[in-house]
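This is the structure I want to talk about, given as structure tokens.
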Amino acid sequence: MARAARVEPIDGLVDPRGGRTAARLAKHVELALGLVDLSLPQFRVLVILEQGSAAASALASTLAVSPPSVTALVDGLVARGLVERRPVTGDLWLIEPATTEKGKKVLAEADAVLHERFEEIAAFLPARERARAINGLHLWHRAMDAYIEANICND
């Protein structure tokens with residue numbers, strides 16, 4: 001994968017411990033997802049499939065895991081009725097996973113518990129900072145999408 005162009009840091013605005021914060025936040029995501037009986041990798045698969053079905057190879061690439069890992073994840077989601085395998089129109093051999101109605105419901109529940117967890121944590125900040133913290137997550141989402149797009153286009 002090609003690397004994105006180097007961006008100069010903005011003095012005084014970036015905490016060098018951001019990775020530690022991201023790791024702590026990831027743990028809270030895992031804990032919240034446990035309330036709806038999903039692992040973080042399962043959640044990531046459901047999020048990707050919500051945007052449309054995808055071949056296992058595309059899922060593996062997007063998730064940055066091996067195809068056998070994706071197969072195991074999808075198998076587990078299929079067994080729970082959250083995902084189904086559908087034939088691809090025009091290709092007799094290709095089958096893509098897609099989210100079921102039950103999967104969409106569990107994904108919505110996961111989104112709700114994650115939102116609740118973030119709000120619960122952010123409640124320890126003053127209101128103005130709370131909004132900035134939550135909006136910061138949305139900015140990171142946009143930045144990651146742009147980063148992925150830039151790196152895919154450079155391959």
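For the range 55-87, give me each residue that is farther than 12 Å from Pro97 by Cα, of a type in the set (A, V, I, L, M, F, W, C) and under 17 Å from the mean Cα position of the chain (by Cα).
Ala60, Leu63, Ala64, Val65
Test Ala54 against the stated conditions and say whether it is touching a Lys or Arg at 6+ places or on another chain (Cβ under 6 Å) and open to solvent by less than 30 Å² (accessible area, probe 1.4 Å).
In short, no.
Based on what the data block shows, is Ala150 modelled with pLDDT of 95 or more and part of a helix (DSSP H, G or I)?
No: the conditions fail for Ala150.
Please work out which residue is modelled with the lowest pLDDT, limiting yourself to the range 1-56 and to residues that are acidic (Asp, Glu) and out of contact with any strand residue (DSSP E or B) (no Cβ under 8 Å at 6 or more places or on another chain).
Applying the filter and picking the extreme gives Asp11.
Considering the range 124-148 alone, what residues qualify as being closer than 18 Å to Arg44 by Cβ and among the aliphatic types (A, V, I, L, M)?
Passing the criteria: Leu137, Ala143, Met144, Ile148.
Let me ask you something else. Select, from Thr100, Thr71, the only residue that is of a type in the set (S, T, N, Q), touching a helix residue (DSSP H, G or I) at 6+ places or on another chain (Cβ under 7 Å) and surrounded by 13 or more Cβ atoms within 10 Å (Cβ to Cβ).
On inspection, the qualifying residue turns out to be Thr71.
If you don't mind, another one. Of the conditions (1) over 25 Å from Leu31 (Cβ atoms); (2) modelled with pLDDT under 85, Leu59 fails just one. Which one is it?
In the conditions (1) over 25 Å from Leu31 (Cβ atoms); (2) modelled with pLDDT under 85, Leu59 misses (1) alone.
Can I ask one more? Keeping to the range 125-138, report how many residues are under 15 Å from the mean Cα position of the chain (by Cα) and exposed (fewer than 11 other Cβ atoms within 10 Å of the Cβ).
Selection size over the range 125-138: 1.
The values are calculated or read from the model by the stated rules, or taken from the named source; none is laboratory data. Given the structure is predicted, the values throughout are model-derived calculations rather than measurements. Using ideal geometry, Cβ is built from the backbone for each residue, glycine included, and neighbour counts are taken over all protein chains shown. Calculation scope for accessible area: heavy atoms of the full protein, side chains included, ligands and nucleic acids excluded. Shrake-Rupley method; radii C 1.70, N 1.55, O 1.52, S 1.80 Å.
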